[in-house]
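Structure, as structure tokens:
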Amino acid sequence: MTSHMYRCHLQTKLLFSLLHPSVYSFDGIVVFGLLYICTCAYLKKVPRLNSWLLSEKKGVWGVFYKAAVIGTRLHHAVAITCLSMALYLVFLK
């Protein structure tokens with residue numbers, strides 16, 4: 001491969017990486033966190049799932065409980081964040 005071909009290959013690769021964002025972007029992590037919190041808060045309202053999924057408050061299963069508590073106590077902040085993230089994804093991204 002000549003240096004010119006190699007340089008064109010690198011420019012094409014850079015352009016491709018700029019046009020296609022990575023899977024692990026910050027906005028993807030925020031959307032995942034918001035969906036997780038909203039889902040756990042909803043599952044807290046279902047009696048059978050509440051006793052089965054959200055009964056543990058420590059350990060790995062305690063993450064579900066903590067997300068449900070965040071979703072119910074900070075429901076106004078979570079709703080505003082969901083709305084602003086939706087507007088960002090639709091209009092700015």
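Remarks
- Within region 64-93, the set of residues being at pLDDT 90 or above and β-branched (Val, Ile, Thr) comprises Val69, Ile70, Thr72, Val78, Ile80, Thr81.
- Of everything in region 46-93 that is in contact with an Asp or Glu (Cβ under 9 Å, 6 or more places away or on another chain) and either more than 25 Å from Gly28 (Cβ to Cβ) or without any contact (Cβ under 8 Å) to a residue 40 or more places away in the chain (or both), the residue that is surrounded by the fewest Cβ atoms within 10 Å (Cβ to Cβ) is Gly62.
- Within region 54-93, being in a helix (DSSP H, G or I) and among the polar types (S, T, N, Q) holds for Thr72, Thr81, Ser84.
- Candidates Arg7, Arg48 - the one that is of a type in the set (Lys, Arg), in a helix (DSSP H, G or I) and at pLDDT 80 or above: Arg48
The values are calculated or read from the model by the stated rules, or taken from the named source; none is laboratory data. Remember, predicted model here, so these are calculated numbers, not experimental data. We place every Cβ from the backbone using ideal geometry, glycine too, and count neighbours over all the protein chains shown.
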